[in-house]
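Below: the structure, in structure tokens.
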Amino acid sequence: MSKHWTEKLFIEDSDLFRASIEARFEKTQDEIDGLVELFNENNVPRDGLILDLACGIGRIAIPLAKNGYNIIGIDISPSYIQRAIDYAETERVSDKTRFIIGDMRDVATELAKYADGFDAILNMWTSMGYWDEETDRNILKQSLTLAKPGGFFIMHTANRDSIIKRFQAKDFSIGKDGLVVLMERELDLETSRMINFWSYYRKEGEDLRFLNRMEINHRVYSLHELIEQFHVTGWEYLVSYGGFDRRPLSTDTFSMIIVSQRR
Ligand SMILES: C[S@@+](CC[C@H](N)C(=O)[O-])C[C@H]1O[C@@H](n2cnc3c(N)ncnc32)[C@H](O)[C@@H]1O
């Protein structure tokens, strides 16, 4: 049986997507400011305990730790977790962070000793929908047992309705490091899955050297579908936004931020 695409992209050939995560650092400050504001409004204490589900290289976890929060990050990629540990050391927040190699599909077992312990759980930058809808519900159900009563789940993901409205079958990005990514997309309307093929090239003078072609295949959700996913797994949906600047969610906002709470 061929390997699931997440294994290829995040474990076997993790350096390519890691470059995409590094490139996203440009947007990170806005995300951190938005999260801190949300935490403050909802009385999440500055030294509260936050879970970063699918934390990657600690892009979100480490700046939050620098703001005072205690963070546990879990991710399936050993190389991303190692990068997060090194990054925490450089930023002098090793005492406020803990990074664990683990599968979020088993998060309740992986983090059993923190049951009822998290003030907030984050899932940032479209880090769910990688398997089927039942698996997503399972992850949300398990997360509920890890949140304190009154604790929050903040999901940041792609807004299906804006994808439909402004569907771009092809797109590309050129990184400062000379990495060029050609993105090709298909949307399967029967399953609401977006199938992306990302072809990575390295710019060498006037030429492009082909590196690899990777698949990213995930369920894209509309707001009402995610509200239902939270509802049936025991979370209470509170509010949604179209960005960390709190713009209203609309068919024009690519981002979707959903805040739910454990009652
Ligand atoms: C789009 S990246 C987002 C990373 C991070 N949340 C951020 O905002 O920078 C998706 C992340 O999900 C992680 N991931 C994929 N499958 C996972 C699983 N089963 N359990 C835990 N993490 C997983 C990948 O390794 C990758 O770091």
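The values are calculated or read from the model by the stated rules, or taken from the named source; none is laboratory data. Values in this document were obtained by computation on a predicted structure and should not be read as measured data. Counting neighbours? That spans all protein chains shown, and the Cβs are built from the backbone with ideal geometry, glycine included. Quick note on the areas: whole protein, heavy atoms, side chains included, nothing else; ligands and nucleic acids left out. Shrake-Rupley method; radii C 1.70, N 1.55, O 1.52, S 1.80 Å.
Points worth noting:
- Every residue from region 110-121 that is charged (D, E, K, R), away from the ligand (no atom under 16 Å from the Cβ) and in contact with a Gly (Cβ under 9 Å, 6 or more places away or on another chain): D116, D119
- Leading residue by the ranking (farthest from T28 (Cα to Cα)) among those in region 95-109 that are within 9 Å of the ligand (Cβ to nearest atom) and among the charged types (D, E, K, R): D106
- Identity of the residue in region 209-232, among the β-branched types (V, I, T) and open to solvent by 10 Å² or more (accessible area, probe 1.4 Å), that ends up farthest from the chain's Cα centre (by Cα): V232
- Lone qualifier among V239, V259 - being at pLDDT 95 or above and open to solvent by 20 Å² or more (accessible area, probe 1.4 Å): V239
- A Cβ distance below 6 Å, combined with a sequence gap of six or more or placement on separate chains, defines the contacts here; from region 84-102, residues that are in the same structural domain as R46 (by TED's automatic domain parsing) reach residues that are modelled with pLDDT of 95 or more and exposed (fewer than 14 other Cβ atoms within 10 Å of the Cβ) in the pairs I101/P78.
- Looking across region 1-15, just one residue is more than 12 Å from the ligand (Cβ to nearest atom) and assigned to a helix (DSSP H, G or I), and that is D15.
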